[in-house]
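Student: Can you keep this structure in mind? I'll have questions shortly.
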Amino acid sequence: MGGSILGNRVIRKEDPKFLTTGGEYVDDLQHEPLLTGAAHVTYVRSSVAHGIITGIDTSDALNSPGVIAVFTGDSLDLPEMPATFNPMAKRTLLARKKVRYVGEPIAAVITETREQGEDAAELVIVDYDVLPALIDIEESMASTNLIYEECGSNVVFDTTALGMPDNTGDAIFANCEVVVKGRFINQRVAPCPLEVRGSAVAWVDGRLFQWLSTQHAQGARDGIKAALGLDDTQIRVITPDVGGGFGAKIGVYPEEMLLGMLAKKVGRALRWRETRSESMVGLGHGRAQVQYVTIGGTRAGKVQAYQMHVLQDSGAWVDMGTILAPFMTRPMSSAVYDIPVIEVRTTSVVTNTTPTTAYRGAGRPEATAAAERAIDMFAAEIGKDPVDVRRMNLIPKFMHNHTTSIGQNYDVGDYEGALDKALAAANYTELRAEQARRRAAGDQKQLGIGVSVYVEITGGVPPMSEAAKIEVLENGRAVVYTGTSPHGQGHATSWSMIAAEQTGIPMDMIDLVWGDTDLVPVGGGTMGSRSLQQGGAAVNQVSIELVDNAKKIAARLLEANEADVVLDKDRAVFHVAGTPAVAKSWADIAVSMKGNGGLVQEGVFIAEGATFPFGAHVAVVEVDTETGKVKHLRHVACDDAGRVLNPLLLEGQIHGGVAQGTAQALLEEVRYDADGNPITSNLADYAFISAAELPSFEVVHMETPTFLNPLGAKGIGESGTIGSTPAVQSAVVDAVSHLGVRHIDMPTTAERVWLAIAAAK
């Protein structure tokens with residue numbers, strides 16, 4: 001008897017395709033019959049950050065070679081659409097009266113070729129009355145220059161307006177011996193997926209077919225049908241391979257919602273793909289918080305009170321980014337610490353910048369970064385090792401629910417255990433000794449050690465359920481249908497492992513279908529690290545039910561009692577216990593169900609609640625005190641995602657997360673000039689991380705299964721990002737703390753480090 005496949009290092013079954021013939025992305029759909037002869041869409045985008053549109057001249061563009069049509073918001077008579085999270089804010093899919101950020105779509109040019117579209121778009125002349133641009137969050141809060149006049153303020157969402165208590169000020173720190181205040185920047189970053197946004201559309205017999213690079217086909221369908229006034233029968237969204245999303249491709253964008261309307265206007269199938277420069281200003285940005293933090297406690301190191309006011313930059317639209325602070329940062333503000341009193345207010349503000357959206361971790365990295373920075377500053381103030389202060393304040397180990405003082409209910413946690421594992425792997429004592437040696441010697445290159453302990457929430461975004469279906473074909477192959485969406489996570493491997501574990505059908509005989517709203521009409525997509533614990537649990541559930549039903553059919557075929565029929569998973573056959581020679585295969589059972597609906601099992605897994613992965617990271621950096629240059633020497637990551645399905649996939653997710661988290665700490669920042677012009681709008685100007693800036697990551701395994709799903713699994717897709725950023729930032733500050741530096745905002749570039757050292761002298 002073979003053992004369980006779960007928990008083993010199974011090589012990704014999808015990789016041979018990607019490494020040989022390559023994936024098929026939206027822009028690769030050259031042989032799709034419905035797209036034969038498709039024209040191309042190019043969007044004319046605003047060149048000013050804030051202004052009134054006084055005129056749009058399309059005449060030269062219309063006379064340009066290959067131009068089929070040019071549409072504006074006025075020519076399409078586009079209605080205003082209210083924002084979900086503040087209906088007073090309204091916009092049209094193509095700006096009609098006002099533009100609010102550089103890159104906002106204003107007109108659509110339809111041409112025979114993509115190159116003709118790029119040329120013609122430059123000939124569309126837009127006249128503006130330029131208004132002052134509001135780039136800074138705090139400046140926008142105070143300004144009477146309103147981005148959405150109907151809102152009456154540039155503050156578009158505030159937790160106090162939801163009935164959540166306001167911060168009480170310094171009163172909660174009255175009994176604290178030590179009080180430390182800080183202002184932290186969690187800077188705006190660009191997701192930079194390898195595949196930029198793209199879509200293609202065709203109308204067939206009054207029905208819209210839309211191919212889309214998205215993390216959530218069903219959600220995109222719902223957004224597009226609402227914009228176009230369609231119902232479910234009139235639209236089919238199909239997701240081919242997706243080259244990364246990182247949260248920015250969860251929602252559907254104006255450029256994508258318009259395509260069906262434009263295709264109907266010209267009577268042609270259409271293609272659209274943005275350029276990298278367009279992606280940098282059009283695809284939603286992440287993070288973008290200013291955090292005012294106060295922490296207080298005893299000189300011995302016990303934290304008694306923690307207060308934070310988060311200012312969230314919504315960008316120029318009240319989109320998903322608006323609600324990340326109130327609904328993700330605030331409830332996770334207590335982090336891993338047993339702090340008796342916590343107060344958090346969040347304020348979301350519109351600015352004349354690219355709208356913000358979810359980005360890997362989506363509000364939880366921001367909460368962790370603030371808490372870890374606050375703990376470090378508190379430890380520095382009382383002159384204690386930051387590890388000792390953390391250990392003193394960690395929530396004790398619990399295996400069934402812990403409710404924090406902010407009201408969040410964690411499932412399981414062993415934060416000190418994770419910290420101990422990470423410190424041991426890093427040889428923390430030896431690192432501190434080496435740091436002391438360098439400081440005593442006055443070395444130019446100083447060592448910095450940063451430690452973070454974190455907890456995050458996964459699978460907590462509605463829907464708290466997922467659909468799955470498994471069908472066994474007459475040849476014995478199985479097809480798994482899932483409502484989640486793979487874009488690098490390894491779902492084809494994971495879901496095959498789960499189905500194989502329950503059915504005995506070999507992994508190479510199991511295929512995966514996703515991202516087609518006709519084949520999978522109900523699905524929650526991939527976001528919030530929900531896939532395995534909900535989508536995988538759904539596959540597990542329907543696989544078990546499939547086996548149960550197949551036993552009934554096998555009993556009939558074998559002329560035996562159902563109770564006597566067993567599944568031999570090693571052979572993938574059913575037989576009567578004790579008589580293995582006479583057996584029925586999955587193919588036999590599938591054939592017997594021909595004409596009777598086939599051998600199919602479908603269902604919905606409903607999660608009992610969100611799960612809370614946790615862990616500890618140790619980062620080691622070297623800082624050149626003469627130049628400010630930072631070198632990331634080591635990174636130890638202990639990330640507990642519950643029961644591990646496939647360690648190879650786990651490590652891949654951790655590696656990717658650590659890389660992105662490190663990039664934010666050291667390099668990445670979307671920047672604008674005073675007029676709202678983006679100055680990091682390509683990968684030459686935006687400091688994107690590469691392997692050259694990263695060490696080999698050291699992964700320490702730890703498993704604390706959750707009781708909230710049968711797999712015992714928690715999310716892992718975002719954990720590395722959450723744990724790494726504060727560890728690396730703290731390491732940089734630690735390297736120069738003996739010179740009087742207490743804080744350096746991210747990204748900790750050589751310039752910022754050098755200036756911090758100079759200011760401390």
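The values are calculated or read from the model by the stated rules, or taken from the named source; none is laboratory data. No experiment lies behind these values; they were computed from the predicted model shown. Positions of Cβ are generated from backbone atoms using ideal geometry, with glycine treated the same way; all protein chains shown enter the neighbour counts.
Student: For region 710-751, name all the residues that are farther than 13 Å from G450 by Cα, out of contact with any Asp or Glu (no Cβ under 7 Å at 6 or more places or on another chain) and either assigned to a helix (DSSP H, G or I) or not assigned by TED's automatic domain parsing to the domain that holds Q435 (or both).
Tutor: Passing the criteria: T721, H738, L739, A750, E751.
Student: Further question: Specify which of the listed residues (N145, N154) is surrounded by fewer than 21 Cβ atoms within 10 Å (Cβ to Cβ) and polar (S, T, N, Q).
Tutor: None of the other options fit; the residue is N145.
Student: Would region 700-709 turn up any residue that is in contact with a helix residue (DSSP H, G or I) (Cβ under 7 Å, 6 or more places away or on another chain), part of a loop (DSSP other than H, G, I, E, B) and hydroxyl-bearing (S, T, Y)?
Tutor: no
Student: Select from region 699-726 the residues that are touching a Lys or Arg at 6+ places or on another chain (Cβ under 7 Å) and either at pLDDT below 95 or charged (D, E, K, R) (or both) and write down the one among them that is surrounded by the fewest Cβ atoms within 10 Å (Cβ to Cβ).
Tutor: If we take residues in region 699-726 being touching a Lys or Arg at 6+ places or on another chain (Cβ under 7 Å) and either at pLDDT below 95 or charged (D, E, K, R) (or both), then E703 is surrounded by the fewest Cβ atoms within 10 Å (Cβ to Cβ).
Student: May I pose another question? Any residue in region 6-28 that is within 18 Å of P240 (Cβ to Cβ) sitting within a Cβ distance under 6 Å of a residue that is of a type in the set (F, W, Y) and not in a loop (DSSP other than H, G, I, E, B)? List the pairs, counting only those 6 or more apart or interchain.
Tutor: V26/W211
Student: If we keep just the residues of region 407-430 that are acidic (D, E) and closer than 30 Å to G460 by Cβ, which is surrounded by the most Cβ atoms within 10 Å (Cβ to Cβ)? Before the answer, list the steps.
Tutor: Here is the first cut: in region 407-430, the residues acidic (D, E) are 411, 414, 416, 420, 430.
Filter once more, so that each one left must be closer than 30 Å to G460 by Cβ: 411, 414, 416, 420.
Numbers: D411: 23, D414: 19, E416: 17, D420: 16.
Here the answer is D411.
Residues checked against (1) within 26 Å of I11 (Cβ to Cβ); (2) in contact with a strand residue (DSSP E or B) (Cβ under 7 Å, 6 or more places away or on another chain); (3) hydroxyl-bearing (S, T, Y):
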| site | (1), (2), (3) |
| --- | --- |
| G448 | no, yes, no |
| V451 | no, yes, no |
| E456 | no, no, no |
| G460 | no, no, no |
| E466 | yes, yes, no |
| E471 | yes, yes, no |
| G476 | yes, yes, no |
| V480 | yes, yes, no |
| H487 | yes, no, no |
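Student: Select from region 127-186 the residues that are over 30 Å from G383 (Cβ atoms) and among the charged types (D, E, K, R) and list them in ascending order.
Tutor: D127, D129, D136, E138, E139, E149, E150, D158, D166
Student: So, in region 56-76, exactly how many residues are closer than 29 Å to G315 by Cα and assigned to a strand (DSSP E or B)?
Tutor: Final tally of qualifying residues: 5.
Student: Would a scan of region 532-555 turn up a residue that is within 37 Å of the chain's Cα centre (by Cα) and over 23 Å from P506 (Cβ atoms)?
Tutor: Checked against the condition, which is being within 37 Å of the chain's Cα centre (by Cα) and over 23 Å from P506 (Cβ atoms), region 532-555 yields at least one hit.
Student: Just for helices (runs of 4 or more DSSP H) wholly inside region 333-435: which have at least 1 residues that are of a type in the set (F, W, Y), touching a Leu at 6+ places or on another chain (Cβ under 7 Å) and at pLDDT 95 or above?
Tutor: So the answer is 415-426.
Student: A follow-up question, please. Could you say whether any residue in region 157-168 is outside the structural domain of E381 (by TED's automatic domain parsing) and surrounded by 20 or more Cβ atoms within 10 Å (Cβ to Cβ)? Before you say what the answer is, go through the steps one by one.
Tutor: Going through region 157-168, the residues outside the structural domain of E381 (by TED's automatic domain parsing) turn out to be 157-168.
From what's left, surrounded by 20 or more Cβ atoms within 10 Å (Cβ to Cβ): 157, 159.
Yes, region 157-168 contains a residue that is outside the structural domain of E381 (by TED's automatic domain parsing) and surrounded by 20 or more Cβ atoms within 10 Å (Cβ to Cβ).
Student: Give all pairs with beta carbons closer than 6 Å in which a residue from region 277-293 that is on the phi < 0 side of the Ramachandran plot meets a residue that is surrounded by 24 or more Cβ atoms within 10 Å (Cβ to Cβ) and among the acidic types (D, E); count only pairs at least 6 apart in sequence or on separate chains.
Tutor: Taking only residues 6 or more apart or on different chains, the pairs are Q289/E366.
Student: Scan region 228-247 residue by residue and report those that are aliphatic (A, V, I, L, M), in contact with a strand residue (DSSP E or B) (Cβ under 7 Å, 6 or more places away or on another chain) and touching a residue at least 60 places away in the same chain (Cβ under 8 Å). Talk me through it step by step, then tell me what you get.
Tutor: Residues of region 228-247 that are aliphatic (A, V, I, L, M), as a first pass: 228, 230, 235, 237-238, 242.
Still in the list and also in contact with a strand residue (DSSP E or B) (Cβ under 7 Å, 6 or more places away or on another chain): 230, 235, 237-238.
Correct list: I235, V237, I238.
Student: Quick check on A499: is it in a helix (DSSP H, G or I), within 18 Å of G244 (Cβ to Cβ) and of a type in the set (A, V, I, L, M, F, W, C)?
Tutor: Details: in a helix (DSSP H, G or I): yes; within 18 Å of G244 (Cβ to Cβ): no; of a type in the set (A, V, I, L, M, F, W, C): yes.
Criteria not met by A499.
Student: Here is a follow-up. Considering each residue of region 138-165, count those that are touching a strand residue (DSSP E or B) at 6+ places or on another chain (Cβ under 6 Å) and farther than 25 Å from Y101 by Cα, and give that number.
Tutor: So the answer is 1.
Student: Return the pairs, sorted by first residue and then second, in which the second residue is of a type in the set (S, T, N, Q) and part of a strand (DSSP E or B), the first residue lies in region 181-204 and is farther than 30 Å from T368 by Cα and touching a residue at least 40 places away in the same chain (Cβ under 8 Å), the beta carbons are less than 6 Å apart, and the residues are 6+ apart or on different chains.
Tutor: V201/Q210
Student: Against the definition (in contact with a Ser or Thr (Cβ under 6 Å, 6 or more places away or on another chain), crowded, with 24+ Cβ neighbours inside 10 Å and farther than 30 Å from V41 by Cα), how does V310 come out, yes or no?
Tutor: yes
Quick grid of which residues meet (1) surrounded by fewer than 17 Cβ atoms within 10 Å (Cβ to Cβ); (2) assigned to a strand (DSSP E or B); (3) more than 26 Å from the chain's Cα centre (by Cα); (4) of a type in the set (G, A, S):
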| position | (1), (2), (3), (4) |
| --- | --- |
| S4 | yes, no, yes, yes |
| R9 | yes, no, no, no |
| K13 | no, no, no, no |
| K17 | yes, no, no, no |
| T21 | yes, no, yes, no |
| E24 | yes, no, no, no |
| D27 | no, no, no, no |
| H31 | yes, no, yes, no |
| T54 | yes, yes, yes, no |
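Student: Tell me whether region 479-487 contains one or more residues that are aliphatic (A, V, I, L, M), part of a strand (DSSP E or B), over 29 Å from C192 (Cβ atoms) and more than 23 Å from the chain's Cα centre (by Cα).
Tutor: So in region 479-487, the residues aliphatic (A, V, I, L, M) come out as 479-480.
Now narrow it down to the ones that are part of a strand (DSSP E or B): 479-480.
Then drop every residue that is not over 29 Å from C192 (Cβ atoms), which leaves 479-480.
So of that shortlist, the ones also more than 23 Å from the chain's Cα centre (by Cα) come out as 479-480.
Checked against the condition, which is being aliphatic (A, V, I, L, M), part of a strand (DSSP E or B), over 29 Å from C192 (Cβ atoms) and more than 23 Å from the chain's Cα centre (by Cα), region 479-487 yields at least one hit.
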